[in-house]
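Notes follow once the structure below has been shown.
The values are calculated or read from the model by the stated rules, or taken from the named source; none is laboratory data. What you are looking at is a predicted structure, and each value in this text was computed from that prediction instead of being measured. Because the Cβ atoms are built from the backbone with ideal geometry, glycine has one as well, and the counts that use them run over all protein chains shown. Please note that ligands, DNA and RNA were not included when accessible areas were found on the heavy atoms of the full protein model with its side chains. Shrake-Rupley method; radii C 1.70, N 1.55, O 1.52, S 1.80 Å.
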Amino acid sequence: MNNHPQTHPPKNDTFQYDDSIVKKFIIATIGWGFVALLVGVVLATQLANWTFNFDLSWITFGRLRPLHTNAAIFAFAGNAIFAGIYHSSQRLLKTRMFSDVLSKIHFWGWQLIIVSAAITLPLGITAGKEYAELEWPIDILIALIWVIFAINYFLTLKVRRERHIYVAIWFYIATIITVAILHIVNSLAIPVGLFKSYSLFSGVQDALVQWWYGHNAVAFFLTTPFLGLMYYYIPKIIKRPVYSYRLSIIHFWALVFIYIWAGPHHLLYSVLPEWAQTMGVVFSVMLLAPSWGGMINGLLTLRGSWDRVRKEPILKFLVASLTLYGMATFEGPLLAFKSVNALAHFTDWIIGHVHSGVLGWNGFMIFALLYYCVPKLWKTKLYSDKLATTHFWVATVGIILYIMSMWASGITQGLMWLGLEDGRLIYPDFVETVTKIIPLYYVRLVGGLLYLSGYLLMIYNLVKTIASAPKNQTSPSYSAPALQKVEHDNNTSESSHRWLEREPDILTILVIVAVAVGSIIEIIPSLTSHKYVALETNKKPYSALELAGRDIYIREGCYTCHSQMVRPIKAEVLRYGAKSELDDSIYDHPFQWGSRRIGPDLARVGGKYPDIWHYRHMDDPRSMAPGSIMPNYPWLLENNLDYGLLEKKLRVMQTLGVPYSDENAENAIEDAKAQALEIGKNLDPSIDAKKISKKEIIALIAYLQSLKEQLHHEPLHGATH
Amino acid sequence: MNEKKDSTQNHEDSSSSSLILEDEKDIVLDHDYDGIKELDNPLPKWWVNMFYLTAVFAVIYTGYYHFRNGNLIEDRFQKSMIVETKENSDSLSDIAAVGFSEENASIDEGASLYTSRCAACHGQKAEGIIGPNLTDNYWLNGDGSNDSIYNTIKVGIPEKGMIAWEALLKPSQISSLVLYIQSIKGTAPANGKPAQGTLFE
């Protein structure tokens with residue numbers, strides 16, 4: 001069989017693949033996956049029973065949730081993607097990676113990033129943007145390491161010995177390019193100190209950029225690389241040809257082009273201009289076919305091998321992974337409809353949705369990869385097929401419990417929030433809608449524990465496998481001819497896409513164009529609409545003390561439980577107050593609209609309660625709201641507020657366009673102290689005003705009380721449509 | 001996996017070449033990537049139709065919201081609120097006319113509502129914490145009559161830190177609370193807040 005009909009070189013090169021880098025990434029995947037799942041189980045426990053943070057600031061829900069999401073996406077899935085990319089690309093391109101040194105820098109750099117995340121996030125060092133919480137020095141490190149990875153990868157493409165690049169590689173290229181763009185744009189910020197920065201964007205603009213990033217982290221971190229892995233490992237494992245080359249072309253380009261538009265479906269019913277919201281909806285719906293294109297190409301590749309699925313655990317994982325991918329990509333467009341979203345947004349339904357994706361599609365694909373690659377790379381056999389099968393069933397039951405309980409809890413709570421009777425809320429008491437779903441939180445916890453137990457079985461199985469590996473391992477050598485320069489492009493029988501597959505540089509440029517179109521059309525107009533609002537608004541910027549309080553709000557991750565976006569829905573306005581307006585968040589660098597209401601919306605909480613209520617509530621929420629699952633924040637009553645950076649903070653805000661005067665900045669500290677003393681005096685006769693006014697709680701109260709409707713608000717015509 | 005005999009080879013394991021079924025022989029493409037082959041199957045018809053359908057749907061959906069009057073989120077919201085205030089103005093005047101009424105009200109309901117909604121500020125025994133002691137005969141607002149307490153609860157004292165409860169409680173529930181508050185008068189709980197306001201006997 002001649003594999004290279006186009007080339008007739010005289011001489012074969014001999015080369016070896018760098019599998020040690022693959023092994024490193026595999027071990028990192030296994031370790032970080034455990035951390036991500038464990039933290040997830042801790043969070044699930046805390047929601048079922050709030051006392052499980054033991055009043056320790058660094059493991060409260062708001063600080064731990066970002067660690068969980070970052071670990072699951074960037075540490076667990078991230079390391080797995082790199083393992084798969086390094087393993088499959090070398091083989092698909094018939095070359096060793098361009099530089100072992102760059103590969104090593106990539107590996108150790110990435111682990112350094114993860115460790116920094118694991119240290120800073122529990123300390124409350126956060127940028128306050130979902131899935132992009134890491135502060136600016138780590139962001140810069142991420143960008144650097146990613147660029148090193150990209151350089152190594154594109155240089156590897158240059159030295160390849162396979163003229164055409166296979167579909168898996170297209171997906172890897174799309175991943176490398178788009179993630180770089182998303183990360184860099186969304187992380188733009190001005191530092192205030194080593195551990196603190198303010199997002200360059202604010203309000204609606206920040207929201208749009210953030211969800212353009214957030215949604216496409218799903219697309220280009222959790223989808224395209226995994227489709228690439230699928231296109232390599234399924235045919236490899238099952239030893240069957242890929243079902244349809246044409247389908248792979250169409251769904252690749254459709255996916256890359258359409259995905260980038262869908263971000264605004266995270267911002268339905270917000271103050272984002274409605275045309276952008278509608279774009280988010282319709283492009284989400286149009287994503288169904290491109291997503292399913294990947295699924296059916298995978299499933300049809302398994303055609304004729306269904307008997308093996310019954311016997312082999314790896315194939316079980318692959319089939320379940322694809323099925324859950326199909327399910328999640330059907331559910332996504334459904335959730336994007338405005339009418340469905342009105343019910344589902346801010347509820348656990350979304351949490352269930354993302355877990356069917358990550359635990360099912362990504363997790364199961366990673367397990368298949370690990371069970372396949374570990375024995376292959378360590379040149380041995382899997383320790384136990386039986387254990388792997390048990391892992392599969394335990395994890396599957398876990399996922400089912402997880403998804404079902406979140407459907408039930410999301411729909412229940414959503415309906416309770418919206419329920420009206422005679423123009424009155426049926427469940428006006430928010431806590432009632434929380435206590436109702438606590439039993440389902442226990443079901444979810446069981447689901448998570450099962451998934452984690454399955455994972456432990458896998459660790460045991462793989463450790464045993466590696467232990468059984470032969471001692472002195474030699475890397476096999478491979479041979480292939482070097483690519484010859486093609487002088488004349490006279491291969492007329494070749495289709496244009498075949499031609500493109502020989503020209504990775506051009507393919508890369510086309511990918512950039514494809515993602516740029518949607519990005520530019522959606523984001524540029526929002527920049528201009530924002531300017532218009534800034535001129536019209538009569539909103540006063542936060543006082544220095546309120547700004548300090550806001551930074552505490554961000555530090556504690558209150559946005560993981562509280563939204564600040566009253567949607568234009570009757571029940572919502574009755575519950576929280578006047579609907580949110582564009583200029584409410586115009587000075588919010590970063591915006592804090594949130595994505596999940598474990599607690600009530602706070603956009604209108606200012607003036608709702610006296611200061612002393614917040615004081616007692618933050619110390620012990622249950623003293624004011626029996627049945628609440630909000631953590632205690634006793635340290636806010638003990639820690640002194642750090643006034644040090646305050647002037648610098650106002651200056652940075654000034655640079656960002658917030659209308660502070662120079663006096664505001666110069667007097668920031670005195671102003672803040674004066675306001676704090678005022679609040680302290682009026683708190684309660686039994687509390688020492690001087691002493692308490694130095695504490696962080698006072699700044700937080702000042703911030704919470706500032707969250708209210710703009711007085712004399714003029715509707716901003718044209719800006720909301 | 002088969003042990004390698006050669007020191008050099010094209011694929012990791014030579015058995016990895018794809019298994020081609022009989023009916024696929026004609027549509028195998030001649031590329032081979034690390035043993036992976038591709039078939040030239042056409043796009044599934046239903047899949048292509050689904051793609052077209054979603055595109056058509058996108059146009060209709062956009063048209064429905066943006067090119068017909070009154071379908072934007074803001075329009076629908078305004079409409080729902082107008083209906084609401086009209087209904088409300090009827091029912092509000094009803095409520096105003098009703099005021100305190102013993103119909104459908106009960107001390108038991110009042111007691112449980114008190115514990116869940118009011119105790120945080122007024123204390124478990126109404127001894128007063130953030131809000132004043134409700135067991136004495138001194139009142140900051142009104143004269144301590146049923147109607148006056150009813151009105152205080154209904155419209156609240158927002159500037160002093162008590163919200164208006166009319167959005168959260170039914171008229172009969174407010175009446176139950178009034179009954180409960182009247183029933184605990186003179187209980188003189190421990191740690192009671194000193195009297196505030198004017199004495200009404």
Overall Cα dimensions of the stretch A:19-467, principal axis frame, Å, largest first: 71, 50, 46
Summed side-chain charge close to B:Asn146 - residues other than B:Asn146 whose Cβ falls under 14 Å, Lys, Arg +1, Asp, Glu -1: -2
Loop trypsin sites (Lys or Arg not before Pro), the stretch A:353-455 (other Cβ atoms within 10 Å of the site Cβ: 13 or fewer; DSSP): A:Lys381
Entries in A:Lys608/A:Lys694; A:Lys24/A:Lys94; A:Lys681/B:Lys154; A:Lys608/B:Lys125; A:Lys239/B:Lys37; A:Lys539/A:Lys681 that, when Cα-Cα distance is taken, lie over 18 Å: A:Lys608/A:Lys694; A:Lys24/A:Lys94; A:Lys681/B:Lys154; A:Lys608/B:Lys125; A:Lys539/A:Lys681
Chain A: calculated mean residue ellipticity at 222 nm from DSSP helix runs of at least 4, using -39500 (n - 2.57): -20000 deg cm²/dmol
Under 15 Å from the Cα of B:Lys25 - aspartates and glutamates, other chains or at least 8 residues apart: B:Glu38, B:Asp40
Cleavage-rule hits (trypsin sites (Lys or Arg not before Pro)) in the stretch A:37-107: DSSP loop, at most 12 neighbouring Cβ within 10 angstrom: none
For the stretch A:544-706, projected area of the alpha-carbon convex hull averaged over all directions, nm²: 9.7
Interface size A-B, as summed buried accessible area [1.4 Å probe, Å², nearest 100]: 6800
Aspartates and glutamates whose Cα lies under 17 Å from that of A:Lys708, excluding same-chain neighbours fewer than 8 positions away: A:Glu546, A:Glu572, A:Glu581, A:Asp583, A:Asp584, A:Asp588, A:Asp601, A:Asp611, B:Glu159
Residue mean of other protein chain beta carbons inside 10 Å, A:233-242: 6
Accessible area per residue, Å², the protein assembly as shown with all protein chains present, probe 1.4 Å: 40
Within the accessible area of the protein assembly as shown (1.4 Å probe), percent carbon and sulfur: 63
Inter-chain Cβ neighbour average for residues B:146-159, partner chain, 10 Å: 0
GluC sites (Glu not before Pro) restricted to DSSP loop in the stretch A:60-154 with at most 12 other C-beta within 10 Å: none
Candidate aspartates and glutamates for bridging to A:Lys376, where Cα separation is under 19 Å - those fewer than 8 sequence places away on the same chain excluded: A:Asp18, A:Asp19, A:Glu312, A:Asp385, B:Glu3, B:Asp6, B:Glu12, B:Asp13, B:Asp34
